[in-house]
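Asker: I'd like to ask you about the structure that follows.
The values are calculated or read from the model by the stated rules, or taken from the named source; none is laboratory data. Keep in mind that this is a model prediction, so the values were computed, not measured. For neighbour counting, all protein chains shown are included, and Cβ atoms are generated from backbone atoms with ideal geometry for every residue, glycine included.
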Amino acid sequence: MGAAIVAMEVAALAVAVLAFGWPVLLVGAPLLVGTLIVLAVVRLGEAVRQWRERRMTRRWGPATVPRGLMTGFFDVASVQDQPAMPAVDLPMLRAARQWSRESAGSLRTGRAAARILELSERLPRRR
C-alpha cells in the first residue's frame, strides 16, 4: 500500500514537472520526502505493535477473545441466552381485571373499562 502511494505521488510530481517546469520540485520534493517519513513511522509503529503482540502471546498464550473496537457489536444472542417469557396471568393482570370489573359502569370511562373487561376475559388463564 505504501509503495502504491509513493508511486502515485512520483507520477503526479513527474506530470507537474512536465507541465510547469522545475520550480514544482521546490514544493513536490519536500512533500515526497514527508510522505516517505510518514510511511516509515507507520511501518515502524506497526512492527513494534506486532512484536508486543508476539511477546504477549508467548508469555500469556493466545488471546481468547478477539480484540478490536467493534468486538461483539454484530454478535447475535442465541435463543438459549434469551430470558424466558413471563406467564400471561401475572398478579398485575389480575389486579387490572379486578379494577376493570369494579369500574365498568362508573364515571366517564364506563365504555372503555367495559371494553378492557371484555378483552381481558379473552386472555388465557392459568389453572
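Asker: Have a look at Arg43, Arg49, Arg58 and point out the one that is modelled with pLDDT under 90 and either over 25 Å from the mean Cα position of the chain (by Cα) or of a type in the set (Lys, Arg) (or both).
Answerer: Every option except Arg58 fails the conditions.
Asker: Now, a different point. Quickly run through region 1-35 and pick out the residues that are closer than 30 Å to Glu46 by Cα, of a type outside the set (Gly, Ala, Ser) and part of a helix (DSSP H, G or I).
Answerer: Those that are closer than 30 Å to Glu46 by Cα, of a type outside the set (Gly, Ala, Ser) and part of a helix (DSSP H, G or I): Ile5, Val6, Met8, Glu9, Val10, Leu13, Val27, Pro30, Leu31, Leu32, Val33, Thr35.
Asker: Let me ask another. Mind checking whether some residue in region 64-79 is of a type outside the set (Phe, Trp, Tyr), at pLDDT below 80, exposed (fewer than 10 other Cβ atoms within 10 Å of the Cβ) and assigned to a helix (DSSP H, G or I)?
Answerer: yes
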